[in-house]
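Visitor: What follows is a structure written as structure tokens; I'll ask about it next.
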Amino acid sequence: MFLQNCWYVAAWEHELKETPLLARTIIGQPVVLYKAANGTPVAMADRCCHRLAPLSRGRLEGDNVRCMYHGLLYAPDGACIEIPGQKAIPRIARVKTFAVAARNKLIWIWMGDAVSADRSLIPDTYALDHPDWRYRPGYVRFGADYRYILDNLLDFSHLSYVHAATLGGSDLIAKAKAEVEPFEDGVRIRRLTLNSPQPPFAKPFLADGTNVDRWHHYEIRVPGIMSMDSGIQATGTGVPEGVRNNALEFRAYNLVTPETERTSHYFFALAHNFAIDDPSTTEKLHAEVSKAFAEDEAMIEAQQRAIDETPDLQMVVIPADTALVQMRRILEAKLARERSTADAV
Ligand code: FES
Ligand SMILES: [Fe+2]
């Protein structure tokens, strides 16, 4: 069961340049995405209404899509506007369309009723399109329920273990206590890790040998949108007071979109505001963070397999689970609200 009435990330904008008719399954629904000539994104069900062939195997003709099975032509609003060899077009000859928006290099999609799609609700990802920040867009497909990916993001104690060789570097992150504050659409988390050895991924950018203070301040909102302010600077130079002093600063976005009940899209970016004129810095950081997310992928997929093999085993909740318990509650409440609204209609 997935939330319908919310914005999901459907794609990076550059993907629509590389693949003019992009097929992507989102919350179990096959969708085809493309850009009209004026740059406006279009999303429609990836099923021709005739014999259900995927429109993503079709051909873009201006702003319209032609199914390349028997040639039906569709306008961006989903209406069939041409049936070869036939004058009259039945009114029911159309495919479902979805509200979409391009924002900060991402394509967002609203899977619920398009009339309720409020663009002001698209989450803020400003650093993805800002002159002070650099990043490379990343993507991984996880063979797991998206909620286990959210659990992972909601508890950074795993950085000490899963990411010992990349983002972590010591067990101090797991020992640091996170402040957790729920809000209507998700959870805010603040974690300081003081006087820690340098994390492996940041060593090339830090002065030799100094211990560091780190902050991870982030929010995760439904359906699976994480945005984080994080950074690293020399120990004792003001991190607990919020003073940024020769810091390595990051804005991280980890954007999780369910594909099916057991697979998920994971879009990510680690934006940095130092050495922005040095593309090799961006490349190195992207390579490190990609390695880290491959570490998450291996662990979460193994966890998913283990859960599927022994579905009756209970999980033991510990204090580190506070944020993920809160998030599940918020998600469940929103799902229940959608269900009751749907039942009332
Ligand atoms: S299946 Fe698309 S035209 Fe026949
Ligand atoms: Fe992780």
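Visitor: Are there any pairs, at least 6 apart or on different chains, whose C-beta atoms fall under 7 Å, with the first in segment 69-89 and within 19 Å of Pro54 (Cβ to Cβ) and in contact (Cβ under 8 Å) with a residue 40 or more places away in the chain and the second in a loop (DSSP other than H, G, I, E, B) and within 9 Å of ligand 1 (Cβ to nearest atom), and if so, which?
Guide: none
Visitor: Exactly one of (1) closer than 24 Å to Thr25 by Cα; (2) modelled with pLDDT under 95; (3) not aliphatic (A, V, I, L, M) is unmet by Arg141. Its number?
Guide: The single condition Arg141 does not satisfy is (2).
Visitor: Sticking with this structure for a sec: Restrict the check to segment 5-16 and report whether at least one residue is over 20 Å from Tyr139 (Cα atoms), surrounded by fewer than 19 Cβ atoms within 10 Å (Cβ to Cβ), away from ligand 2 (no atom under 16 Å from the Cβ) and modelled with pLDDT of 95 or more.
Guide: Here is the first cut: in segment 5-16, the ones over 20 Å from Tyr139 (Cα atoms) are 5-6.
From what's left, surrounded by fewer than 19 Cβ atoms within 10 Å (Cβ to Cβ): 5.
From what is left, the residues that are away from ligand 2 (no atom under 16 Å from the Cβ) are 5.
Next, from what is left, pick out any that are modelled with pLDDT of 95 or more: 5.
Among the residues of segment 5-16, at least one is over 20 Å from Tyr139 (Cα atoms), surrounded by fewer than 19 Cβ atoms within 10 Å (Cβ to Cβ), away from ligand 2 (no atom under 16 Å from the Cβ) and modelled with pLDDT of 95 or more, which makes the answer yes.
Visitor: Continuing with this model, one more query. How about segment 218-266: which of its residues are surrounded by 22 or more Cβ atoms within 10 Å (Cβ to Cβ), over 23 Å from Ile300 (Cβ atoms) and touching a Ser or Thr at 6+ places or on another chain (Cβ under 8 Å)?
Guide: Arg251
Visitor: Failed condition for Pro90, given (1) in a strand (DSSP E or B); (2) more than 16 Å from ligand 2 (Cβ to nearest atom); (3) not basic (Lys, Arg), with all others met?
Guide: (1)
Visitor: Right, another one. Look through segment 56-71, keep the residues that are assigned to a loop (DSSP other than H, G, I, E, B) and touching a Pro at 6+ places or on another chain (Cβ under 8 Å), and return whichever of them is surrounded by the fewest Cβ atoms within 10 Å (Cβ to Cβ). It would help to see each step written out before you state the result.
Guide: The first filter runs over segment 56-71 and keeps only residues assigned to a loop (DSSP other than H, G, I, E, B), leaving 58, 62-63, 67-71.
Pick out the ones that are also touching a Pro at 6+ places or on another chain (Cβ under 8 Å) and you get 63, 70-71.
Details: Asp63: 15, His70: 13, Gly71: 15.
Filtering first and then ranking leaves His70.
Visitor: Looking only at residues in segment 42-55 that are crowded, with 22+ Cβ neighbours inside 10 Å and not in a loop (DSSP other than H, G, I, E, B), which one is nearest to ligand 2 (Cβ to nearest atom)?
Guide: Filtering first and then ranking leaves Ala43.
Visitor: Follow-up question, since we're still on this one. Report, by residue number, each residue of segment 114-164 that is exposed (fewer than 14 other Cβ atoms within 10 Å of the Cβ) and under 30 Å from Asn195 (Cβ atoms).
Guide: Of everything in segment 114-164, those that are exposed (fewer than 14 other Cβ atoms within 10 Å of the Cβ) and under 30 Å from Asn195 (Cβ atoms) turn out to be Asp132, Tyr161.
Visitor: Going through segment 89-110 one residue at a time, which ones are farther than 30 Å from Leu255 by Cβ and either aromatic (Phe, Trp, Tyr) or away from ligand 1 (no atom under 16 Å from the Cβ) (or both)? Steps first, please.
Guide: As a first pass, look at segment 89-110 and keep what is farther than 30 Å from Leu255 by Cβ: 89-94.
Hit for segment 89-110 is Arg91, nothing else.
Visitor: A further question follows. Cβ-Cβ below 7 Å, separation at least six or inter-chain, first residue in segment 151-166 and within 12 Å of Ala298 (Cβ to Cβ) and away from ligand 1 (no atom under 16 Å from the Cβ), second of a type in the set (Val, Ile, Thr) and modelled with pLDDT of 95 or more: which pairs?
Guide: Short answer, once both residue conditions are applied: Asn152/Ile300.
Visitor: Can you tell me which residue within segment 167-191, out of those that are of a type in the set (D, E, K, R) and more than 22 Å from Ile300 (Cα to Cα), is farthest from ligand 2 (Cβ to nearest atom)? Before the answer, list the steps.
Guide: Of segment 167-191, the ones of a type in the set (D, E, K, R) are 171, 175, 177, 179, 181, 184-185, 188, 190-191.
Remaining after also requiring more than 22 Å from Ile300 (Cα to Cα): 177, 179, 181, 184-185, 188, 190-191.
Values: Lys177: 19, Glu179: 19, Glu181: 21, Glu184: 26, Asp185: 22, Arg188: 18, Arg190: 18, Arg191: 13 Å.
Applying the filter and picking the extreme gives Glu184.
Visitor: Any residue in segment 66-85 that is within 16 Å of ligand 1 (Cβ to nearest atom), farther than 23 Å from Glu261 by Cβ, over 15 Å from the mean Cα position of the chain (by Cα) and aromatic (Phe, Trp, Tyr)?
Guide: The initial filter retains those residues of segment 66-85 that are within 16 Å of ligand 1 (Cβ to nearest atom), namely 66-75, 78-85.
Those still in the list that are farther than 23 Å from Glu261 by Cβ too: 66-75, 78-85.
From what's left, over 15 Å from the mean Cα position of the chain (by Cα): 66-75, 78-85.
So of that shortlist, the ones also aromatic (Phe, Trp, Tyr) come out as 69, 74.
The answer is yes, given that some residue of segment 66-85 is within 16 Å of ligand 1 (Cβ to nearest atom), farther than 23 Å from Glu261 by Cβ, over 15 Å from the mean Cα position of the chain (by Cα) and aromatic (Phe, Trp, Tyr).
The values are calculated or read from the model by the stated rules, or taken from the named source; none is laboratory data. Keep in mind that what you see is a predicted model, and the values were worked out from it rather than measured. All Cβ positions, glycine included, derive from the backbone under ideal geometry; neighbour counts span all protein chains shown.
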